[in-house]
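Engineer: One structure, as structure tokens, below. Some questions next.
The values are calculated or read from the model by the stated rules, or taken from the named source; none is laboratory data. Everything numeric in this text was worked out from a predicted model, so none of it was measured. Don't worry about glycine lacking a Cβ; one is built from the backbone with ideal geometry, like all the others, and counts go over all protein chains shown. Heads up: the accessible areas ignore ligands, DNA and RNA and are worked out on the full protein's heavy atoms, side chains in. Shrake-Rupley method; radii C 1.70, N 1.55, O 1.52, S 1.80 Å.
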Amino acid sequence: MDWLTAIKDKVLEGYKVTKDEAMKLMQYPQPILSQYADEIRLKHCGNSFDMCAIINGKSGACSQDCKYCAQSAHYKGIAEVYPLQEAATFLRDGKEHKDEGVLRYSIVTSGKRLNQKDMEAIIPIYEQIHTKVGISLCASHGLLGEEDMKKLKASGVRRYHNNLETSRRYFPFICSTHTYEDKLETLQAAKRVGLEVCSGGLFGMGETLEDRIDMAFDLRALEVKSIPINVLVPIPGTPLEGIRPIAEEEVLKTIAIYRFIHPDAKIRLAGGRSQLTDAGRYAFKGGANATISGNLLTTCGNTIQDDFKLLEGLEYEVKLDE
């Protein structure tokens, strides 16, 4: 039995790979890594599939200088600029997604963190969505502290999202207005108050595969069980507009390695699915088992109806409740 088959079999039985072992996985061809990752996914997660949707609740004019983002005020991106939307908008949108069969709904807002005025406005909105719509709620409002996390949890929010984006080493090359440690503290604050956490990254910003693996181990240390995988779509006006797009084979290899590191997590295709064949079909047979469906923040996603058709053909069972 060769080393790759042996390590796969160990992961199937509950073994946790080391960083050295994850780095060794890089040497193997993507097709066999994806095949083995699918075996690990099936053993630890079954055919359950997790689908969520998001709404851009407050857009643009962001004070942060993340080099990939069209919403940053530092660049001449193409994102719309508008304040926090009205409660009726979120209630209508949340209900539409609930009716379409989406499990979880997240309001995402631009900025380093939601200011106190907007926090006071959004708490009763979450309360209304929780009681009137009944969809599972996630929130994504930047670098909030523990007290605001408590308010979100009391309003019916179950999960908090904040992406690490990349490794600790590479993060300063992508953003200078907040730190990797700020993000870690945000996720830890959410966990301290009893919220689930959702955190992943963005591939194709010039980072190495080792950077992605380092981030995967930081996520494992945080016991993150929902890991969004974004693929950079270079946006005109941002510093990364001219970067060469990452090859699909590299994306698939990274997702497969993530499955070896996170056997029982929801590895969630997010932004950039349009860069992948058939909206990520091969990723869903190579380790990924969740997605953000519908429109995203500044790019378009796959429609919910199309996703249900795709997943049915892959023999997944889409979760309809928690």
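Engineer: Taking the range 239-256, which residues are farther than 16 Å from Pro31 by Cβ and surrounded by fewer than 16 Cβ atoms within 10 Å (Cβ to Cβ)?
Structural biologist: Correct list: Glu241, Gly242, Ile243, Arg244, Pro245.
Engineer: Please tell me if Arg281 is part of a strand (DSSP E or B), touching a residue at least 12 places away in the same chain (Cβ under 8 Å) and within 18 Å of the chain's Cα centre (by Cα).
Structural biologist: Working: part of a strand (DSSP E or B): no; touching a residue at least 12 places away in the same chain (Cβ under 8 Å): yes; within 18 Å of the chain's Cα centre (by Cα): yes.
Spelling it out, it is not the case that Arg281 is part of a strand (DSSP E or B), touching a residue at least 12 places away in the same chain (Cβ under 8 Å) and within 18 Å of the chain's Cα centre (by Cα).
Engineer: Checking Ala290 against (1) touching a residue at least 12 places away in the same chain (Cβ under 8 Å); (2) open to solvent by 10 Å² or more (accessible area, probe 1.4 Å), which single condition isn't satisfied?
Structural biologist: Here Ala290 clears every test but (2).
Engineer: Answer yes if at least one residue in the range 57-66 is over 23 Å from Ala121 (Cα atoms) and modelled with pLDDT of 95 or more, and no otherwise. Don't jump to the end; show me each part of the working.
Structural biologist: Taking the range 57-66 first, the residues over 23 Å from Ala121 (Cα atoms) are 65-66.
Subsequent filtering for residues that are modelled with pLDDT of 95 or more retains 65-66.
Yes, that holds for at least one residue.
Engineer: Please name all residue pairs, on different chains or six or more residues apart, with Cβ atoms under 7 Å, provided the first residue is in the range 234-253 and is within 19 Å of Ala79 (Cα to Cα) and touching a residue at least 40 places away in the same chain (Cβ under 8 Å) and the second residue is among the β-branched types (Val, Ile, Thr) and open to solvent by 70 Å² or more (accessible area, probe 1.4 Å).
Structural biologist: Correct list of pairs: Ile235/Ile78; Pro236/Ile78; Gly237/Ile78.
Engineer: Of the residues that sit in the range 257-271 and are basic (Lys, Arg) and in contact with a helix residue (DSSP H, G or I) (Cβ under 8 Å, 6 or more places away or on another chain), which one is least open to solvent (accessible area, probe 1.4 Å)? Let's see the steps before the verdict.
Structural biologist: Of the residues in the range 257-271, the ones basic (Lys, Arg) are 259, 266, 268.
Then keep just the ones that are in contact with a helix residue (DSSP H, G or I) (Cβ under 8 Å, 6 or more places away or on another chain); that gives 259, 266.
Working: Arg259: 0, Lys266: 32 Å².
Top of the filtered list is Arg259.
Engineer: Now a separate question. Out of all the residues in the range 162-195, which are touching a residue at least 40 places away in the same chain (Cβ under 8 Å), touching a strand residue (DSSP E or B) at 6+ places or on another chain (Cβ under 6 Å) and over 20 Å from Thr254 (Cβ atoms)?
Structural biologist: Once the filter is applied, which keeps residues that are touching a residue at least 40 places away in the same chain (Cβ under 8 Å), touching a strand residue (DSSP E or B) at 6+ places or on another chain (Cβ under 6 Å) and over 20 Å from Thr254 (Cβ atoms), the range 162-195 yields Ala190, Leu195.
One line per residue, one yes/no per condition, for (1) crowded, with 18+ Cβ neighbours inside 10 Å; (2) in contact with a Phe, Trp or Tyr (Cβ under 9 Å, 6 or more places away or on another chain); (3) more than 23 Å from Ile54 (Cα to Cα); (4) of a type outside the set (A, V, I, L, M):
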| residue | (1), (2), (3), (4) |
| --- | --- |
| Arg158 | no, no, no, yes |
| Leu164 | yes, yes, no, no |
| Ser167 | yes, yes, yes, yes |
| Thr177 | no, no, yes, yes |
| Tyr180 | yes, yes, yes, yes |
| Ala189 | yes, yes, no, no |
| Cys198 | yes, yes, no, yes |
| Glu207 | yes, yes, yes, yes |
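Engineer: Please enumerate the residues belonging to the range 215-224 that are surrounded by fewer than 20 Cβ atoms within 10 Å (Cβ to Cβ) and not in a loop (DSSP other than H, G, I, E, B).
Structural biologist: Within the range 215-224, Phe217, Asp218, Arg220, Ala221 meet the criteria.
Engineer: When you check Asp38 against the structure, is it acidic (Asp, Glu) and without any contact (Cβ under 8 Å) to a residue 60 or more places away in the chain, yes or no?
Structural biologist: When the stated conditions are applied, Asp38 does not pass them.
Engineer: Which residues, counting only those in the range 247-270, are outside any helix (DSSP H, G or I) and of a type in the set (Asp, Glu)?
Structural biologist: Matches in the range 247-270: Asp264 only.
Engineer: Hey, another quick one. Please find, within the range 225-238, the residue that is surrounded by the most Cβ atoms within 10 Å (Cβ to Cβ) out of those that are in a loop (DSSP other than H, G, I, E, B) and out of contact with any Asp or Glu (no Cβ under 9 Å at 6 or more places or on another chain). Lay out the reasoning, then the answer.
Structural biologist: From the range 225-238, those in a loop (DSSP other than H, G, I, E, B) are 225, 232-238; that's our starting set.
Restricting the remaining residues to those that are out of contact with any Asp or Glu (no Cβ under 9 Å at 6 or more places or on another chain) gives 232-233, 236-238.
Values: Leu232: 20, Val233: 20, Pro236: 11, Gly237: 12, Thr238: 23.
Ranking the candidates gives Thr238 first.
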